[in-house]
Amino acid sequence: MDWPILSTLTFLPLVGAAFILVVRGDAAVVARNARNIALWTSVIAFVLSVPLWIYFEPADAGFQFEERVDWLAEGITYHMGIDGMSLPFILLTTFLTPICILASWESIQTRVKEYMIAFLVMETMMIGVFAALDFVLFYLFFEGGLIPMFLIIGIWGSDNRVYATFKFFLYTLLGSVLMLLGLLWLYFQFGTTDIPELMRAGIDPFWQRLLWLGFFAAFAVKIPMWPVHTWLPDAHVQAPTAGSVVLAAVLLKIGGYGFLRISIPILPDATVTFTPLVYALSIVAIVYTSLVALMQEDMKKLIAYSSIAHMGFVTIGLFTFTPAGVEGAIMVMLSHGLVSAALFLCVGVVYDRIHTRLIARYGGVVNRMPLYAAAFMVFTLANVGLPGTSGFLGEFLVLVGAFQANTWVAFLACTSVILSAAYALWLYRRVIFGVITREDLKAILDLNKREVAILAPLVALIILFGVYPMPILELFHAPVENLIAQHELALEGLRGATNFAAVQ
Amino acid sequence: MLYTLIVFLPLIGAALAGLFGRVLGVSGSHVVTTGLVTMSALLSWVAFWFVAIQGNAEVVELFPWIESGALEAMWSIRVDQLTAVMLVVVNTVAALVHWYSIGYMHDDPHQPRFFAYLSLFTFAMLTLVTADNFVQMFFGWEGVGLCSYLLIGFWYHKPSANAAAIKAFIVNRVGDFGFALGICAVFFVFQNVEFEPVFEAVPRFVGTEIEFLGGHFDTLTVITILLFIGAMGKSAQIGLHTWLPDAMEGPTPVSALIHAATMVTAGVFMVARLSPMFEYSEFTLALVTFVGALTAIMAATIGMVQNDIKRVVAYSTCSQLGYMFFACGVSAYQAGIFHLFTHAFFKALLFLGAGSVIHAFSGEQDMRKMGGVWRMIPLTYALMWIGSLALAGIPLFAGFYSKDVVLEAAWGAHSAVGELAFVLGILAALLTAFYSWRLLFMTFHGHSRASHEVLHHVHESPPVMTVPLVVLAIGAVFAGMLFAPMFVGEDHGFWGESIFVLASHTALEEAHHVPLWVKLSPTVVSVLGIATAWWMYIARPDLPGRLAAQHAELYRFFLNKWYFDELYDVLFVRPARAIGSFFWKKGDEATIDGFGPNGVASRVLDLARRATQLQTGYVYHYAFVMLIGVVAFVTWYLLVVGM
């Protein structure tokens, strides 16, 4: 058997965390070593993930780098593997983790050791969730990733962190319990939790619907969809910068990925049934949260609401079952991973200096921080979906797909073209443009080298994928084609069933 | 290679000045941006020779951009006759504006940024006009919108400039909303977004219907109307025009390049480029004609009473764009593009001339504080005259040829909407001449109303500014008579296959055979307009005030720009903010949180407080729940296996 690269990649951060655990000495030394170990571990993980991309075969629709080991029981195996839909998310995770650790370099000064451990554990969980091909394994990683996130918000967050963590906890608890029930039912019924096998299980349509709703609870909270989204703005506002980055860039995507990996392929009939519900909630999310974003006074809250609107595009795209729509949705997720990460990092940059996120406390920042203003501009434009940035492509493809599925959906989703420009440019104007009036801003310093090192790769990737997204897009073709073919089969089955009923 | 250079030289300039502006310094930035754009301009004329004169249309494919299912879009450079004309217009004006800006912006501290934006704009505009598919066109379309936003808000310390920049972007996005949906509709119907295959397939879809927003409509009408909404936004047509006058907050060279000669004409270009689609929808064509005609007259009535010199010229631009649109609407695309071509020269001239005036008056833009300086700045004065003569369509000047053929084509369409366009166009021509000479008289003649200090400083601009003006003036004089036979002559061979007109649409043909009074009336009303301006602002300077007082209602209606801004504020801006607040406070906070997590959380929080003083107590709860899950799972598993 080949070297188990997926497991190595998944558990490498845990090894790093173990090293940090045994670091001893006085506080300063421990903090320094913890930071260095965390950074090096995450960099090595990133370097390891690159060959994954190089040796990946995009034309193959099946799972690659598969590993299967007996585990809990018959039917519950340790099954890992990736396809073109999961690979980019793993790359996104390994790419952003070093950036997050660098972003926490100076802003985290208390309990550095524990913080770095939490971050590395989270990285393991996130890679794991995208590589897992067994539902139990998926569930463990899915839930396991939340614990370090709770800790990061609850311990290193802002003033109202306890409230935010509780809210986050309550929402995700609701979803997780229902998903667990569904998972139990599946195992009870089919004696396996292997995802590829469950795809072939042919579940009874009635049970499909119940299961779908159970899983939907978990994934809808995670993405999040309206109206179970209100935990997100609070969690973002309270989380430390790097926490927000991971939350927005990767954790939210697990919800979308869940639809892609679990709900749609395993429960195809129910997916068809509930598509209108998803459209309706997504449309509400786009219009509603965009308007709410317009009125925000806190930078992080504004970006959080804009994230929810963007995730509305994801859910629409996934449920159009057109190549453009589904590929667009995945692209929106990836692009949002980069763009929201970058925006939260930008907020972090000025927060570290002025210690407030209130938009009204800023203004005229460009006068002192031209480099920062330029980077922030690129990210704002990507958030607005300007062609030439990665933000455009996904949203455009989703719109193209949605138009094929339902013109009303496309029409209403397209209002985001106007609304996103309004809230994003309005934010930019109030923070960056104008004349500096406040004393503390007059001495504010532009990006330092560490911050440039954090933001520059993001600028480069956002523009690169805006102009030449083919390396990413070509990963999606085969698995998405497969997904749609499966879906069409299910659809025919449904029609057949109705015809059959009609004949009877 | 030639075409690739034309498109990418300005980008290289923009990147160099933008990224290394501090290293290059001010003059270094001037050299790279202006030099490369000038080179691109010269090459454009070579391309014009190859393509337009010799008829070698060509498409250069660069590399793939998007592939998703059947949707494939390439980065490519399409150069046909229509593109060649646009290349010449865009690059020539861009190069001259770069030169002019070296003088105009000489004491600005952020010149590298300014020149980087200008060159970036040029690049975006070039990608727009050389696009070979809808998506690349949209890229250029949004790209020029971005640069326009950046340049309007260039002086970011001015709140008014920031507001104008955002307004421009958002109003344009309303248009882009239509454009984006239009592209979706094109792909939905044709399963393709490349121009050639779509155009070839168009005739097969004539008379078919698609379902759109619950109704069934003619396929091509839906698509073309959606696309035309995009054109209306970019070209500031009635309803979506409100951003253009505000855009004058940007530096004047920007107004000349973007908001007169190039970007705002993108809508006209789009309609001409997509003529193989527009031709098959009579309804859309009538709509285009109607919107154009209405814009022409509306903007002219507003321009007539404005006091800010740049706003007068801005409304004039808006009005002239209306002419171009109704020309396209009656299927005389060639005439529309011809007017676009001549307009680029004389309107850029007028804007840069206005800039020169503002420069002379130490930054003053209010014409009520000018006057009596024509002897002090004779060159600017003469150039402004040339620009105005061309704009008013006085014989032999460029505007004469293009405006006449536009109006004659409107007449020649022999349709109700065509005749409406003709009548409104003639009326607008009267007003055009009137406000142009009102501008000239208020700015240069009579007693000066400027302060002594300002008057003392009045001076002619340096050669780096006046030479580009002279070049534009040459264009404003000769562009019409030189190119009229080619662009709109009786032999249509010039355009090749770049513009498609149905054989039954004969407006341009008919334009050559109109009654004498139709031919003469534009000139007659123009002379009349000039005479009226002379009467009101030279002979009887007390008249305008009395007229305004007599017709106070009407005057205020025009002065306040038909109350569009106020209307939009009430209809869109305030409701959006009110609804946003409502959703936030009443929706998210009161309803969802109130009934959901907060209700539950307060219970849990009580428990948690009692149970533990640790801040991280909730984690144990969470871990506990997970544990229960795992325990339940294992128990049950054991049961099943045990059995």
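Things to note:
- Theoretical ellipticity at 222 nm over chain B - DSSP helices of four or more residues, -39500 (n - 2.57) apiece, nearest 500: -23000 deg cm²/dmol
- Based on alpha carbons, the Rg and Dmax found for the protein assembly as shown are 31.8, 111 Å.
- Karplus-derived 3J(HN,Hα) values for the range A:447-463, using 6.51 cos²θ - 1.76 cosθ + 1.60 with θ = phi - 60°, are 3, 8, 4, 4, 5, 4, 4, 6, 7, 4, x, 5, 4, 4, 5, 4, 6 Hz; glycine and proline are entered as x.
- Residues whose placed amide H lies under 5 Å from that of A:Asp298, excluding near-sequence neighbours: A:Ile359
- When Rg and the Kirkwood radius Rh are both evaluated on Cα atoms of the range B:518-574, their ratio Rg/Rh stands at 1.20.
- Model label sites at A:Asp26 and B:Ala552, defined 7 Å from Cα along the beta-carbon direction, differ in position by 8.3 nm.
- Each residue of the range B:439-444 was assigned a 3J(HN,Hα) from its phi angle through the Karplus expression (A = 6.51, B = -1.76, C = 1.60, θ = phi - 60°), giving 4, 4, 5, 5, 7, 10 Hz with x at Gly and Pro.
- Selected from A:Pro387, A:Ala324, A:Leu291, residue furthest toward positive end of dipole (the range A:274-467; charges at beta carbon): A:Leu291
- Based on C-alpha pairs under 8 angstrom that are at least 6 apart in sequence, the range A:374-425 has a relative contact order of 32 percent.
- Cα centroid separation, the range B:406-428 to the range B:124-142 (Å): 31
- Share of alpha-carbon pairs per 10 Å distance bin for the range B:61-149, given as whole %: 16, 40, 28, 12, 3, 0
- Once Rg and the Kirkwood radius are both taken over the C-alpha atoms of the range A:243-357, their ratio Rg/Rh works out to 1.04.
- Taking every alpha-carbon pair under 8 Å whose residues sit at least 6 apart, the range A:274-467 reaches a relative contact order of 29 percent.
- Chain B: relative contact order in percent, alpha carbon pairs under 8 Å with at least 6 residues between: 12
- Projected-area average for the range A:274-467 over all orientations - Cα convex hull basis, square nanometres: 10.0
- By the beta-carbon count within 10 Å of each Cβ, the least crowded to most crowded order of A:Arg209, A:Arg357, fewest first, is A:Arg209, A:Arg357.
- Within chain A, helix-based [θ] at 222 nm, where runs of 4 or more DSSP H residues each add -39,500 (n - 2.57), nearest 500: -24500 deg cm²/dmol
- Across all directions, the average projected area of the convex hull around the alpha carbons of the range A:61-213 is 10.6 nm².
- Chain B: Rg to Rh, with Rh as the Kirkwood radius over Cα pairs: 1.08
- Computed from backbone phi, the HN-Hα couplings of the range A:279-286 come to 4, 4, 5, 5, 5, 4, 4, 5 Hz, rounded to whole numbers (Karplus: 6.51 cos²θ - 1.76 cosθ + 1.60, θ = phi - 60°; Gly and Pro given as x).
- Label zone (B:Glu209, point 7 Å along Cα-to-C-beta; backbone nitrogen cut-off 18 Å) within the range B:273-302: B:281-284.
- Fewest-first ranking of B:Met105, B:Met86, A:Met377, using other Cβ atoms within 10 Å as the exposure measure: A:Met377, B:Met105, B:Met86
- Ordered by the number of other Cβ atoms lying within 10 Å of each residue's own Cβ, fewest first, B:Lys347, B:Lys310, A:Lys449 fall into the sequence A:Lys449, B:Lys310, B:Lys347.
- Degrees separating the helix B:398-412 axis from the principal Cα axis of chain B, which is the longest one: 70
- Only Cα sites of the range A:390-444 enter the Debye sum here, all with the same form factor; the resulting log10 I(q)/I(0) across q = 0.21, 0.28, 0.30, 0.31 1/Å is -0.80, -1.06, -1.11, -1.13, listed in q order.
- Based on every Cα atom in chain A, Rg and the maximum pairwise Cα distance Dmax equal 22.1, 80 Å.
- Eligible lysines near B:Lys519 by straight Cα distance, threshold 24 Å, same-chain separation 8 or greater: B:Lys347, B:Lys403
- Prolate/oblate/rounded call for the range B:399-495, Cα gyration tensor, a/c under 1.5 rounded: oblate
Coordinate-derived values only; no laboratory data. Being a predicted model, the structure only gives us computed values, none of them experimental. Cβ coordinates were reconstructed from backbone atoms using ideal geometry, including for glycine residues, and neighbour counts include every protein chain displayed.
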